[in-house]
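Down below is the structure, laid out as structure tokens.
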Amino acid sequence: MDDVEARVEELVGRLDLEPKVRLCTGASFWATWDEPAAGLRPIVLSDGPAGVRGQAWDERRTSTNLPSPTCMAASWDEDLAERLGRFLATEARAKGVDVLLGPTINLHRSPLGGRHFECFSEDPLLTARIGAAYVRGVQDEGVAATPKHYVANDSETERFTVDTRVGERALRELYLAPFEHLVREAGAWLVMAAYNGVNGATMTENPLLADPLKGEWGFDGVVVSDWRAARSLAAAGPAATDLVMPGPTGPWGADLVAAVRAGSVPGSAVDDKVRRLLRLAARVGALDDVGAGAVDSPGHSQPRSGTVPHQGTRPGTGWVAPGRGQGAPGRGQGEAADGAALAREAAAAGAVLARNQGGVLPLDPAGLRRVAVVGPGAVRPRSQGGGSATVFPAAVVSPVEGLRAALEPGVEVVHGWGARIRRGLEPVSAGQVTDPGTGEPGVGVRFLDGDGAVLGAEHRLAGKLIWTGREVVAGTATVEVTARLRARVDGEHGIGVAGTGQFRLTAGDAVLVDELIRPGPGDAAGLLAAPERGGRMVLAKGEEVDLTVVRWLEPGATAVSVTLAVEEPAPPEEEELAEAVALAAGADAAVVVVGTTEEIESEGYDRTSLALPGRQDDLVRAVAAVNPPTVAVVNAGSPVELPWRDQVPAILLSWFPGQEFGYALADVLLGRVEPGGRLPTTWPARQADVPVLDTRPVEGRLEYAEGIHVGYRAWARAGTAPAFPFGHGLGYTTWAYEDLEAPATADAGHQVVVRVRLANRGRRPGREVVQAYLSRPGSTVERPALWLAGFAVVRAEPGQAVTAELRLAPRAFQHWSAETHAWETEPGPYQLSAGRSVADRPLTAEIAIR
């Protein structure tokens with residue numbers, strides 16, 4: 001036993017039962033308890049995974065907004081994922097954060113999954129390798145990563161109560177596999193237990209926490225509940241949940257103390273939880289005289305250079321993140337991390353060029369005098385998905401801004417909306433309203449006690465406001481939000497609120513809302529999928545009206561959301577569409593940016609349709625008709641239907657690309673950077689074609705009836721062609737796959753090394769993702785038609801031949817036996833194929849496993 005483990009054991013033996021139990025529930029919404037007797041300070045946790053928000057949900061405390069996980073995985077680049085993790089760790093330290101709640105490694109089982117954008121891929125191997133690189137990057141800087149949500153939490157409908165029914169083999173080969181890899185190979189320091197149940201037991205109490213997680217895999221870290229997922233003392237049993245969040249209340253406390261004294265919960269179970277918490281504290285530098293990263297975990301390397309105990313300024317002291325282009329110093333490499341540059345690089349690396357007929361892209365800047373960039377996403381793009389993954393970047397670069405900055409001053413870049421894609425109320429922005437108390441852009445907030453006395457006040461810059469933590473709203477009976485709206489156009493304005501609880505909204509003397517608003521489905525706290533209420537008011541341009549929202553708080557509230565929203569009059573749809581088409585007709589190049597909204601892709605609810613909202617499909621068709629070399633940019637975190645895909649020569653899938661979207665897009669469109677992405681998930685032509693679609697439980701159960709046939713495996717089984725297959729993506733050069741070298745025989749349980757020779761036959765340098773797939777014709781066990789077995793990234797200059805070396809793990813040839821409850825290898829021949837995607841595999845070989 002090393003010195004740190006000895007110290008942990010000594011502290012566990014020193015503490016009495018009450019302080020031990022107290023440590024096992026959070027002290028607040030985002031932090032654990034301190035314990036001076038043990039030299040333990042609080043451990044601070046924060047949402048991720050594409051940025052570090054910190055303890056405050058506050059637009060004034062900005063964070064670097066990296067591309068979404070689907071974009072990260074689309075790069076198929078483990079080195080980049082590790083660098084992204086390192087950068088997030090430096091931002092975490094600067095914000096006083098010890099634990100990053102990510103990555104999300106659930107699978108893309110159905111494209112209707114509302115949180116699809118926050119997960120990496122439909123394939124467990126790609127998810128595992130990108131996720132492991134991310135975890136290594138975070139933890140090598142002394143910050144803990146938290147793979148989530150363990151397990152089979154692949155959709156949002158009834159997410160708090162749904163019981164996922166999944167067979168043992170599918171559970172092991174698909175849904176548990178990424179968690180196993182991140183625990184065993186990357187040494188993750190925490191794992192988050194999900195809300196849902198699996199096969200009859202809710203995950204915070206599920207036997208899967210004991211085995212395989214803590215037993216078979218040897219996980220020595222902390223199992224933390226998803227927020228409010230722990231519901232009973234059963235979660236406190238041996239080898240179950242270790243830390244209940246948030247606190248300070250929860251299902252344990254005095255009841256757990258009594259249960260231990262009564263013998264219904266063994267004291268050793270509490271000791272094990274405290275031991276894990278103290279070990280985590282040592283790893284992140286929250287334990288006196290123990291440096292961050294000091295305790296290694298299985299499969300995890302020590303930090304590459306010395307890490308130090310926590311030095312970040314504590315949240316709540318007015319700390320504001322560095323501006324765009326700045327970053328906290330990276331201790332692991334001893335150099336400043338440029339967040340803007342990294343976000344820009346990652347956005348281009350994950351951009352998937354799905355179609356490029358006739359070589360429309362890259363655009364030749366020398367031939368451009370006027371560029372039309374149309375569509376709602378051209379000026380108001382989505383950099384990130386909705387829900388707990390949200391961060392607040394200092395600014396988001398739009399496609400229009402990015403192209404204007406990239407092109408010569410004489411090139412005109414024009415914009416037309418073409419289509420409006422939000423239906424309903426938009427949270428007000430600082431550009432729309434002023435604080436009546438100060439006259440400054442934004443809104444005023446007051447916290448009042450039961451007698452109407454002011455407990456505190458804030459000036460905020462946005463209309464969507466969230467406060468978390470009992471200490472934030474202690475003693476508050478009502479929250480009051482005020483704003484002065486000055487109409488920017490004539491016409492009827494929608495004015496409303498979003499949230500849950502008792503609300504009153506007034507506009508001048510008019511009462512627009514006065515009711516108790518109940519939560520929508522999938523959002524018990526009313527923070528994410530909050531219902532809207534409002535009214536209409538006709539205003540003349542320049543007319544002002546004072547808006548006041550009063551939200552009454554329930555006793556003991558620890559999370560409060562208030563949104564003040566306004567819908568401004570817009571020109572008729574036909575008029576906006578005609579204007580955008582006219583702009584495109586007179587341009588040398590037309591770029592149409594289409595996408596989804598937060599009401600479609602967010603935590604808290606699943607999608608009901610894969611169609612683009614509004615009249616965006618009409619816009620793309622109309623622009624392509626007047627400007628044939630049109631480029632369509634799809635700003636969505638997950639697949640959408642593209643019924644016009646054969647009518648547009650160039651289609652670029654940008655995902656949710658982070659704050660530097662416009663600059664990265666310009667880099668790709670103008671050929672300064674090659675689009676590096678390959679699809680991490682199958683992109684269907686029609687929703688009706690998707691073989692695994694259902695996210696709706698029946699009587700509380702969601703049956704994974706498809707078993708091991710998920711994603712491209714299900715498409716292959718169904719025999720239906722998607723719009724764009726898994727692994728697909730074009731670049732700006734041409735590759736020739738020349739030879740596949742593989743052993744004729746290999747021993748079961750051993751790694752198999754194969755080599756693929758390919759050559760760059762184009763005129764530009766290029767990057768290629770070489771993919772290898774296995775199949776087992778004539779197998780005696782049920783198998784997918786094929787499955788991803790390995791991949792590697794290569795780069796080559798024009799005319800250069802390179803060799804990709806792919807190391808196929810023993811697990812690639814194994815299957816899980818539900819009869820023996822173990823991994824088994826079926827001897828005999830396996831077909832190996834390699835190429836550019838699951839649908840383009842020109843090289844083949846046979847490997848006999850003995």
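The values are calculated or read from the model by the stated rules, or taken from the named source; none is laboratory data. This structure is a prediction, so every number in the text was calculated from the model and none was measured. Cβ coordinates were reconstructed from backbone atoms using ideal geometry, including for glycine residues, and neighbour counts include every protein chain displayed. We work out accessible area using only protein heavy atoms, side chains counted, and drop any ligands, DNA or RNA first. Shrake-Rupley method; radii C 1.70, N 1.55, O 1.52, S 1.80 Å.
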Subset of the range 63-117 (residues that are among the hydrophobic types (A, V, I, L, M, F, W, C) and in a loop (DSSP other than H, G, I, E, B)): Leu66, Trp76, Val97, Ile105, Leu107, Leu112
Can we say Glu118 is in contact with a Ser or Thr (Cβ under 7 Å, 6 or more places away or on another chain) and either at pLDDT 95 or above or over 25 Å from Gly221 (Cα atoms) (or both)? yes
Restricting to the range 189-209, name every residue that is small (Gly, Ala, Ser) and under 14 Å from Phe179 (Cα atoms). Ala193, Ala194
Among (1) assigned to a strand (DSSP E or B); (2) touching a residue at least 60 places away in the same chain (Cβ under 8 Å) - the single one Pro381 does not satisfy: (1)
Count, please, the residues in the range 253-278 that happen to be farther than 14 Å from Ala240 by Cα and surrounded by fewer than 24 Cβ atoms within 10 Å (Cβ to Cβ). 11
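Would you call Val545 at pLDDT 95 or above, in a strand (DSSP E or B) and over 33 Å from the mean Cα position of the chain (by Cα)?
Yes: the conditions hold for Val545.
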Candidate set: the range 727-758, residues that are within 30 Å of Asp364 (Cα to Cα) and hydrophobic (A, V, I, L, M, F, W, C); chosen: the one most open to solvent (accessible area, probe 1.4 Å): Leu730
In the range 816-831, anything part of a strand (DSSP E or B) and surrounded by fewer than 19 Cβ atoms within 10 Å (Cβ to Cβ) is listed as Ser817, Ala822, Trp823, Glu824, Thr825, Gly828, Pro829, Gln831
Taking the range 214-225 only, how many residues are crowded, with 23+ Cβ neighbours inside 10 Å, assigned to a loop (DSSP other than H, G, I, E, B) and of a type outside the set (Gly, Ala, Ser)? 1
Which of the residues belonging to the range 601-632 are hydroxyl-bearing (Ser, Thr, Tyr) and surrounded by fewer than 17 Cβ atoms within 10 Å (Cβ to Cβ)? Thr608, Ser609
Members of the range 244-283 that are closer than 19 Å to Gly556 by Cα and in a helix (DSSP H, G or I): Gly253, Ala254
Filtered residue count, the range 786-799, keeping only those that are surrounded by 14 or more Cβ atoms within 10 Å (Cβ to Cβ) and more than 20 Å from Phe726 (Cα to Cα): 2
Out of the residues in the range 791-815 that are part of a strand (DSSP E or B), touching a residue at least 60 places away in the same chain (Cβ under 8 Å) and under 28 Å from the mean Cα position of the chain (by Cα), which is farthest from Ala714 (Cα to Cα)? Val793
With respect to Ala632, determine if the residue is over 28 Å from Gly499 (Cα atoms) and either modelled with pLDDT of 95 or more or out of contact with any strand residue (DSSP E or B) (no Cβ under 7 Å at 6 or more places or on another chain) (or both). yes
What number of residues within the range 91-125 satisfy the criterion of being buried (at least 24 other Cβ atoms within 10 Å of the Cβ), farther than 30 Å from Thr608 by Cβ and either without any contact (Cβ under 8 Å) to a residue 60 or more places away in the chain or not basic (Lys, Arg) (or both)? 6
Which condition from (1) at pLDDT below 95; (2) more than 29 Å from the chain's Cα centre (by Cα) is the one that Pro365 breaks? (1)
Scanning the range 491-507 for residues that are surrounded by fewer than 17 Cβ atoms within 10 Å (Cβ to Cβ) and farther than 14 Å from Val550 by Cα gives Gly491, Glu492
Residue count, the range 578-596 (criterion: of a type in the set (A, V, I, L, M) and either surrounded by fewer than 18 Cβ atoms within 10 Å (Cβ to Cβ) or in contact with a helix residue (DSSP H, G or I) (Cβ under 6 Å, 6 or more places away or on another chain) (or both)): 9
Regarding Ala74, is this residue open to solvent by less than 10 Å² (accessible area, probe 1.4 Å) and at pLDDT 95 or above? yes
Yes/no for Val290 being over 27 Å from the mean Cα position of the chain (by Cα) and either of a type outside the set (D, E, K, R) or open to solvent by less than 10 Å² (accessible area, probe 1.4 Å) (or both): yes
Given (1) loosely packed, with under 14 Cβ neighbours inside 10 Å; (2) of a type in the set (Lys, Arg); (3) in a strand (DSSP E or B), number of the condition Arg763 does not satisfy: (3)
